[in-house]
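The values are calculated or read from the model by the stated rules, or taken from the named source; none is laboratory data. None of the values given here were measured: they were computed from a predicted structure. Using ideal geometry, Cβ is built from the backbone for each residue, glycine included, and neighbour counts are taken over all protein chains shown.
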Amino acid sequence: MNKVNALILLVNSLSKAEKKAIYLQSDLISGVKVYLELFKMIESKKIIDGKVLANEFALRFPRTNFHPTVKYLYDFILSVLVKLKVTQNKEYSLYNKLMAAKLLYERNLDKDYYATLKQLKKEAKEHELYHLLLTIERMELDYLRISGFINLSEKDLLKKQHKMSDTFKTIRQINEQSSLYELLLLRIEKTPASQRAKQKQFLNDLIVSEITLVSNLKRDVFEIQKLHQLFQGHYLIYVGDYKSAINSFIELDKLFVDNKALWSNPPFYYVSVLEGILQSFRAIREYDKLDYFLRKLRSIDYPSQTFDVEILCIDFIYSLAPYLDNGIEKESVEIVSKYTSSLIQKRELLTPYRNMQLALMLAKVHMLRKDYGAANKQLSPIVYGDSYVDIWLYHPIQLLNLAVDFELGNYDLIISKIRSIKRKNTLSRKTSKFENVFFRFLNSDLRYLSPEKKGQEKAKLEEELAQLDISHEDQRILKLFDFRKWMLSKFEN
C-alpha cells in the first residue's frame, strides 16, 4: 500500500481519545512540528486523496519534503497507539513488562529480573498467551543455568522443563487445529461453483483429521475450543446442515461469554466472531438466524463512542440485509431512517472499511428506490478517493458505480472508467470473464432496440451468463450485488 494512502487510512481510523493522545504526546516535543500540521490537514479537512494531500502540503510547506514527513507522522502515530495499548490491553502490557525485565537483567538486577519473570509467567498462563509463556519459561531456564542452578534441585529443574514442554505441546496443538481450519476455509472459498458437489468428498480427509486431532487435544484451552467450533460451524454450513451449524456457533458464542477475561480490549475478536456468524447466515439466506446474534452484538457494552458506532454499523448492515437482499423497499427505507441519527450522521467516526460498507448498503437502498443520483453521491467519494484503492471493497464499489452511471445515462463516463479499470487489471495481470461480459453490456445501447431485438439480446446474455465459469473473486463480488440479475432487468424497460 502507498505510504501516503496508508497514513490517510490510519488517521481516519483514530478515535477521539487516540487523536487527543497524539496531540498530548506531540506537546512533549519541542521545535517545529510540520508533521503535526500534516496530521491536522488530514483530520480537519477530511482529505481522502493522496495526491490532493501532497499538493496541499506543497502549497503550505514548499521547503519541506513531503514523503519523509509522511513516514515520520506514520511512525509517530503507531508509537502513540502502542503506548495506549499497553494501558488498555493485557497482552501489550505483558510484552511491555517483558522488555522491562530484560532491561533489569542487562543492569545486573538479577533478583528483580527473576521475580518479574515469575509474575509474568503467572499472568501469561492466566490469559492463555502461550507464545509469550514459552518465551518466559525459556528465559527463566536460561537464567537458572547461567546463575549455576542456585537452590535448585534436579527434581525442580525437571518439573520446569516438563512445564515448558507442556506449553510447547499446547502451541503445537493450536497450530495443528489452525492449519486444518485454514485448509477447510481455503478449499471452501477457492472451489468454483461448478465443482462444489464433487468438492465435498475432498473435505472428508480434513473431517477425519479434525476428529482425530480433537480427541487428543486439551479441552481446557480457549483457543483450541474456539477453532474446533469454527471448523465445525463452517463445514456444516458448507454441507447444508444449518441446524447443526447454528448449534456450533451458539456453543462458540457461549465459549466467548464464559471466557470474558480472555477478550481483547476493546473486544474486537468477539465482535469479529459475531460478524462472521452473521455474514455466514446472510450468505446462505438463513435470515431468521440473524436476530439471536444481533441481540448478542447489541449487548456488548464498551465505553467508546468510536467502537459503539462500529458495532452499530454491523447491526445496521445485518438488520437491513433480509429486506434489501429480497428487494423489499418499504422496510429497507424504514431501517435506514431508524439509523440516520445514531449511525449515518456519525459516519465520520467509522473506519474507512466500515464507511465503505455503509456507503455500499445505502447505495443499494437508493438503487432499490431508483434514486440513482443519491446512490452516486454515496459511491463517488470512494471511487475518486485514492486512499480507498487498496481495500478489497473498492473494486466492487467501482463496478456498482458503473451500474449507477448506466442508470444515469453517463455513457461517456462509463467508457472512461472501464478503460481505467482494464488498464489496472492488465498491470496486475488480473482477468475476469464476468467483468468482460459486464463491460460489453455497459457499452451497449438498449434505447433504440425493438422489443424483438431486445428479446434476442436478452436470450444471448442469459445463455452466456449461464455458461460463465465464475471465479472465486467474482463470486465474492456477486454476493455483494447481483450484477447478472441487474443486467437482465434492463431488457424489461
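Could you tell me whether N410 is without any contact (Cβ under 8 Å) to a residue 24 or more places away in the chain and on the phi < 0 side of the Ramachandran plot?
Yes.
Considering only residues of segment 10-32 that are surrounded by 15 or more Cβ atoms within 10 Å (Cβ to Cβ) and not in a helix (DSSP H, G or I), which is nearest to the chain's Cα centre (by Cα)?
Applying the filter and picking the extreme gives S13.
Out of the residues in segment 289-327 meeting the condition of being modelled with pLDDT of 90 or more and among the basic types (K, R), tell me which one is farthest from K338 (Cα to Cα).
Only one residue tops the list, namely K296.
Just to be sure, is K454 part of a helix (DSSP H, G or I) and among the charged types (D, E, K, R)?
The answer is yes for K454.
Determine whether segment 280-296 contains at least one residue that is more than 21 Å from Y242 (Cα to Cα), out of contact with any Phe, Trp or Tyr (no Cβ under 8 Å at 6 or more places or on another chain) and charged (D, E, K, R).
no
Within segment 441-489, work out how many residues are under 23 Å from A359 (Cβ atoms) and modelled with pLDDT of 85 or more.
13
For segment 33-58, name all the residues that are outside any helix (DSSP H, G or I), basic (K, R) and either buried (at least 19 other Cβ atoms within 10 Å of the Cβ) or modelled with pLDDT under 85 (or both).
Once the filter is applied, which keeps residues that are outside any helix (DSSP H, G or I), basic (K, R) and either buried (at least 19 other Cβ atoms within 10 Å of the Cβ) or modelled with pLDDT under 85 (or both), segment 33-58 yields only K46.
Sort out which residues of segment 421-443 are surrounded by 15 or more Cβ atoms within 10 Å (Cβ to Cβ) and more than 27 Å from the chain's Cα centre (by Cα), and write them in order of number.
Those that are surrounded by 15 or more Cβ atoms within 10 Å (Cβ to Cβ) and more than 27 Å from the chain's Cα centre (by Cα): V437, F438, F439, F441, L442.
Just to verify a result, which residue in segment 99-128, among those that are outside any helix (DSSP H, G or I) and out of contact with any helix residue (DSSP H, G or I) (no Cβ under 6 Å at 6 or more places or on another chain), is surrounded by the fewest Cβ atoms within 10 Å (Cβ to Cβ)?
N108
Look through segment 203-224, keep the residues that are more than 20 Å from E251 (Cβ to Cβ) and in contact with a helix residue (DSSP H, G or I) (Cβ under 7 Å, 6 or more places away or on another chain), and return whichever of them is modelled with the lowest pLDDT.
Here the answer is L203.
Does L449 qualify as being of a type in the set (A, V, I, L, M), more than 27 Å from Q279 (Cβ to Cβ) and in contact with a helix residue (DSSP H, G or I) (Cβ under 6 Å, 6 or more places away or on another chain)?
no
Taking the condition of being more than 30 Å from the chain's Cα centre (by Cα) and more than 13 Å from E435 (Cβ to Cβ), how many residues in segment 465-493 meet it?
Looking only at that region, the number is 8.
Could you identify the single residue in V271, V239 that is in contact with a Lys or Arg (Cβ under 8 Å, 6 or more places away or on another chain), touching a residue at least 24 places away in the same chain (Cβ under 8 Å) and over 26 Å from D166 (Cβ atoms)?
Testing whether each residue is in contact with a Lys or Arg (Cβ under 8 Å, 6 or more places away or on another chain), touching a residue at least 24 places away in the same chain (Cβ under 8 Å) and over 26 Å from D166 (Cβ atoms) leaves just V239.
Is it the case that E128 is modelled with pLDDT of 90 or more and at positive phi?
Yes.
Kindly indicate which of L132, L84, L73 is in contact (Cβ under 8 Å) with a residue 40 or more places away in the chain, part of a helix (DSSP H, G or I), surrounded by fewer than 18 Cβ atoms within 10 Å (Cβ to Cβ) and under 28 Å from the mean Cα position of the chain (by Cα).
Step by step, each of L132, L84, L73 is checked, and only L84 is in contact (Cβ under 8 Å) with a residue 40 or more places away in the chain, part of a helix (DSSP H, G or I), surrounded by fewer than 18 Cβ atoms within 10 Å (Cβ to Cβ) and under 28 Å from the mean Cα position of the chain (by Cα).
Return a yes/no flag: does segment 234-241 have any residue that is within 28 Å of H127 (Cβ to Cβ) and modelled with pLDDT under 85.
Yes.
Condition test on L7, is it among the hydrophobic types (A, V, I, L, M, F, W, C) and in a helix (DSSP H, G or I)?
So L7 passes the test.
Condition first: without any contact (Cβ under 8 Å) to a residue 60 or more places away in the chain, touching a helix residue (DSSP H, G or I) at 6+ places or on another chain (Cβ under 8 Å) and not in a loop (DSSP other than H, G, I, E, B). Now tell me which residues in segment 463-475 satisfy that.
Selection gives E464, L465, D474.
It is to be established whether one or more residues within segment 156-166 are modelled with pLDDT of 90 or more, closer than 30 Å to H234 by Cβ, buried (at least 16 other Cβ atoms within 10 Å of the Cβ) and not aliphatic (A, V, I, L, M).
No, because not a single residue in segment 156-166 is modelled with pLDDT of 90 or more, closer than 30 Å to H234 by Cβ, buried (at least 16 other Cβ atoms within 10 Å of the Cβ) and not aliphatic (A, V, I, L, M).
Scan R187, R172, R138 and give me the residue that is basic (K, R), closer than 30 Å to N204 by Cα and at pLDDT 90 or above.
Checking each option against the conditions leaves just R172.
Determine whether T426 is without any contact (Cβ under 8 Å) to a residue 40 or more places away in the chain and either part of a loop (DSSP other than H, G, I, E, B) or more than 24 Å from Y411 (Cα to Cα) (or both).
No; evaluated as a whole, the condition is false for this residue.
Of all residues in segment 315-346, which are within 21 Å of A17 (Cβ to Cβ) and either under 20 Å from the mean Cα position of the chain (by Cα) or of a type in the set (S, T, N, Q) (or both)?
Within segment 315-346, S342, L343, Q345 meet the criteria.
Name the pairs: first residue in segment 315-334 and in a helix (DSSP H, G or I), second residue buried (at least 20 other Cβ atoms within 10 Å of the Cβ) and among the polar types (S, T, N, Q), Cβ to Cβ under 8 Å, at least 6 apart or on different chains?
L320/S332; Y323/S332; L324/S332
Being among the basic types (K, R) and under 29 Å from D386 (Cα atoms) narrows it down to one of K346, K289, K338, so name that one.
Matching residue, one of K346, K289, K338: K346.
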